[in-house]
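Please read the structure below before turning to the comments.
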Amino acid sequence: MEIKQVVVSHDGKARHLNEVSTVIPKGKVTTIIGPNGCGKSTLLSVMSRNKVPLEGKATLENRDLVEYKPKEFAKKFAIVYQQNDIPADLTVEKLVMYGRMPHNSLFKKKTNEDEEAVTWALQCTNLLGKRHNDLSALSGGERQRVWIAMALAQQSEILCLDEPTTYLDIYYQLELLELVKQLNEQYGLTIVMVLHDINQAIRYSDHVILMKAGKIIAEGLPRDVITKEVIKEVYGVNSVFHEDEKLGLYMMPLSI
Amino acid sequence: MTKKIISFIAVAVLLIITVIYAATTGSIQMSFIEFITNFFNPDNADMAAIKDLRFPRIIVALFAGAALSVAGVLLQAIMRNPLADAGFIGISAGAAFTKLFIVSFVPTLFFFTPIAAFIGGALACFFVFLLSWKSGLNPLKLILVGIAINAMFSGLTEAMISFGASASGSITSNLSFKTWDDVSLIVTYGSIGLILAIILYASCNVLVLSDKTAKSVGFNVTAARIVIAAVAVLLAAASVVVAGVISFVGILVPHIARRLVGYDHKVLIPFTALLGAFIILLADTLGRTMFSPMEVPASTIMAIIGGPFLIFLLRKE
């Protein structure tokens, strides 16, 4: 996916994305980081077609996103949002089956292919045993994985996650990031996600996009992009970076 | 699975019993045996009177109940709000207003009253959406906007009546003196609406997902909302034209139906239609026979039951 000179404004005046250009590398894990209100989510909503750019355009396989039909686009691009309401009286399997909609008409019978895709999605997210459980009976981490399973059932090439770890405790955060890593390595999925935790971004991404005030400040390999100077500039936080064999590169915020 | 089947059978049996009771009770009394044996007897005067006077009323009650209840389910699906009801949020009032307008000022267009009622209902529905859209269809905001729209259209209708418009059956519901013309009207429009509602079950099911998520799986949320809203308005308008405004049924019936058969619209919509038909006929029949010769309109009975029920719902949430 390619973003070219995109300008977005929520109120018609202020530029919430100001001539942003980037390329999401195929088959890699890309993480967007930056302080609150920097335009991370806005950039995601351009990619997911929830916002149409005022200027510039977003393209996928050299076609403008606005040219795609809804289902056609959903076959290429799946997104999991940060917070999802849990519908009443719905089993895990039924929810994940909604992910098959792009491949199906609402009125057609489910095919073997649908069944296989759902089983695969449940297997990847380690939810096979919960298949027939009601959504309300799941833990927080399991719920987040159900939504990921639904997105996986779309069998898209790109999987996008908007702050997937925000409401989870550290156990589920790690579980989720390991899942993302595995999906990328085993199935070659292109991952785009927004994270708040800089160390998680360093550890789990191939490519980092750092944003501030509606602009991309830097992008590239995590160790090239995320430095002491940049953290000071973008977040206004003094930090220490450390690297050793056991922990890899990590950052510790010190003071403001 | 069994609970669903038992619910369907139980309500169907109750419905049949109520139909027979409604047909045989009143100023002309008839035993069940007499009713069955004389059903196809053209020479029985009592039977002829029942067929002429009570059958239209029964059929109108059944269809009005089914139509309003299903309209409730559809509105609740598109607004993601268990309190959405055509009577509550002004759709019925909008339909009643335009209907009265046509009847009073351009009576030559009488034939088009259902269409006028549809336009009035659609207008009210459009306003409710427009004014609560910014809050992300926040349930409370939506209901408040609905109450305002309802008050506005009810007020306009009352104003027209003060200026001398014919008031019969416009504001309060009235199921007496229904003719076979009324029956053909509500059966035609009601059936079309009910069939469309059943066809749209899958779209209603997808709408339990948030808009963003539904969109992300390639579902056209806006188009689905418009189509489902149109069917809901059609159902509400059809029953308002023939039976007047009956509130609460659109909240009460779907709520009980969900308890009995669950949230899957494939089962919920047909069951709600059945249950709604039963409940309005029951309300009308009780209102007609309990205090005979006085008559209590079905809408009044629904309000008396519906008020406390709504409080019960609000306390539980």
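So here's what we get for this one:
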item: Residue list for the stretch B:183-206, filter: more than 10 Å from every other protein chain (Cβ to nearest Cβ) and among the β-branched types (Val, Ile, Thr); result: B:Val183, B:Ile186, B:Val187, B:Thr188, B:Ile192, B:Ile195, B:Ile198
item: Members of the stretch A:81-94 found to be of a type outside the set (S, T, N, Q) and at the interface with chain B (Cβ under 8 Å from one of its Cβ atoms), listed by number; result: A:Tyr81, A:Asp85, A:Pro87, A:Ala88, A:Asp89, A:Leu90
item: Enumerated helices (runs of 4 or more DSSP H) restricted to the stretch B:42-112, each holding at least 3 residues that are in contact with a Pro (Cβ under 7 Å, 6 or more places away or on another chain); result: B:55-79
item: Qualifying position, being in a helix (DSSP H, G or I), β-branched (Val, Ile, Thr) and within 19 Å of the chain's Cα centre (by Cα), among A:Val66, A:Val46, A:Val118; result: A:Val46
item: Residue ranges of helices (runs of 4 or more DSSP H) in the stretch B:234-317 with at least 1 members in contact with a Cys (Cβ under 6 Å, 6 or more places away or on another chain) and modelled with pLDDT of 90 or more; result: B:265-289
item: Test for B:Ala214: is it small (Gly, Ala, Ser) and either more than 26 Å from A:Pro87 (Cα to Cα) or away from every other protein chain (no Cβ under 14 Å) (or both); result: no
item: Residue count for the stretch B:192-223, restricted to those that are among the β-branched types (Val, Ile, Thr) and closer than 10 Å to B:Lys266 by Cα; result: 2
item: Meets criteria (under 11 Å from the mean Cα position of the chain (by Cα), surrounded by 19 or more Cβ atoms within 10 Å (Cβ to Cβ) and away from chain A (no Cβ under 14 Å)) for B:Ala277; result: yes
item: Listing of helices (runs of 4 or more DSSP H) fully contained in the stretch A:157-256 that carry 3 or more residues being polar (S, T, N, Q), out of contact with any Phe, Trp or Tyr (no Cβ under 8 Å at 6 or more places or on another chain) and assigned by TED's automatic domain parsing to the domain that holds A:Asn126; result: A:170-187
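Yes or no, residue by residue, for (1) under 22 Å from B:Leu62 (Cβ atoms); (2) modelled with pLDDT under 85:
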position: B:Gly136; (1), (2): no, yes
position: B:Ala148; (1), (2): no, no
position: B:Phe153; (1), (2): no, no
position: B:Ala159; (1), (2): no, no
position: B:Ala167; (1), (2): no, yes
position: B:Tyr189; (1), (2): yes, no
position: B:Ile198; (1), (2): yes, no
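The values are calculated or read from the model by the stated rules, or taken from the named source; none is laboratory data. None of these values were measured; they are calculated from a predicted model. Neighbour counts run over all protein chains shown; Cβ positions are idealised from the backbone, glycine included.
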